[in-house]
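This report refers to the structure that appears directly beneath it.
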Amino acid sequence: MAHKKYPTSKGTLQYAELQNRLYFQVTGLANMDLANPFQKITQMKLKEAQTSFFIDLKECRGMDSTFMGVLIGIAIYDEGEKKTEVHILNANSHNKKLMQSLGLDQVVYVVPENTMLPKELHFMELTSSTTGDRIKLIHRAHQNLVDIDPRNAEQFGSFLELLKKELPPN
């Protein structure tokens, strides 16, 4: 089984689909560079009525606010009758603390025990986005953080205002 990765300077992201579930593995730092392809594939799958997402953080050494904001966007996605389920697998204590600090643990299910991924998963490569798409994504991800916990506005409010000025025209 060949494992393909989306490389960045600080982390990689792989995904696979099995039995109507989408699986992700993060290695290294889950940052804004990984958030772009992550958001693209999840949005596409959400439009196809995919509702079960599993994110394996076993090899993830940390997450930035953009990546966590994208996770929130998936968890709170509400189009139609089905609700999404986001399961965080194999999170270390540092990543659990990061999720708790921004309220992410309120909208995703953090599986408490170590979890083995199905052996029959075949991981695929992801592609990156344009600069304009990246700015939109960073803005939306941070707005998600404020939406789920208004206390996050203190931390990200000024950043959101700056990003708003950089947003490309529709």
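The values are calculated or read from the model by the stated rules, or taken from the named source; none is laboratory data. Everything numeric here is computed off the predicted structure, so don't read it as measured data. FYI the Cβ positions are ideal-geometry reconstructions off the backbone, even for glycines, and counts take in every protein chain you see. Surface areas here come from the heavy atoms of the whole protein model, side chains and all, with no ligands, DNA or RNA. Shrake-Rupley method; radii C 1.70, N 1.55, O 1.52, S 1.80 Å.
Key figures
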quantity	calculated
Heavy-atom accessible surface of region 8-116: percent carbon and sulfur, 1.4 Å	46
List Met44, Met116, Met32, Met99, ordered by accessible area with a 1.4 Å probe, largest first	Met116, Met44, Met32, Met99
Listed residues Val107, Val146, Val26 arranged by accessible area, highest first, probe 1.4 Å	Val107, Val146, Val26
Neighbour count of at most 16 Cβ within 10 Å plus DSSP loop: longest GluC sites (Glu not before Pro)-free window in the chain	1-47
Whole-number accessible area per residue in Å² for the chain, which is evaluated in the context of all protein chains at 1.4 Å	55
Cα gyration tensor category, rounded, prolate or oblate, for region 8-86 with a/c compared to 1.5	prolate
Rel. contact order, % - alpha carbon contacts under 8 angstrom, at least six apart, the chain	25
Rounded to the nearest 10 Å², the accessible area of Lys164 at probe 1.4 Å	110
Estimated dipole of region 31-141 in Debye, rounded to 20 [Cβ of Lys and Arg +1, of Asp and Glu -1, Cα centre]	200
Region 13-170: C-alpha gyration tensor shape, a/c 1.5 cut-off, then a/b vs b/c	prolate
Derived scalar couplings ³J(HN,Hα) [region 52-59; Karplus, 6.51 cos²θ - 1.76 cosθ + 1.60; whole Hz; x for Gly, Pro]	10, 10, 10, 10, 8, 9, 3, 9
Karplus-derived 3J(HN,Hα), 6.51/-1.76/1.60, for each residue of region 87-103, Hz, glycine and proline x	10, 9, 10, 6, 6, 7, 5, 5, 5, 4, 5, 4, 5, 5, 5, 10, x
Probe 1.4 Å, all protein chains present, accessible-area order of Ile135, Ile72, largest first	Ile135, Ile72
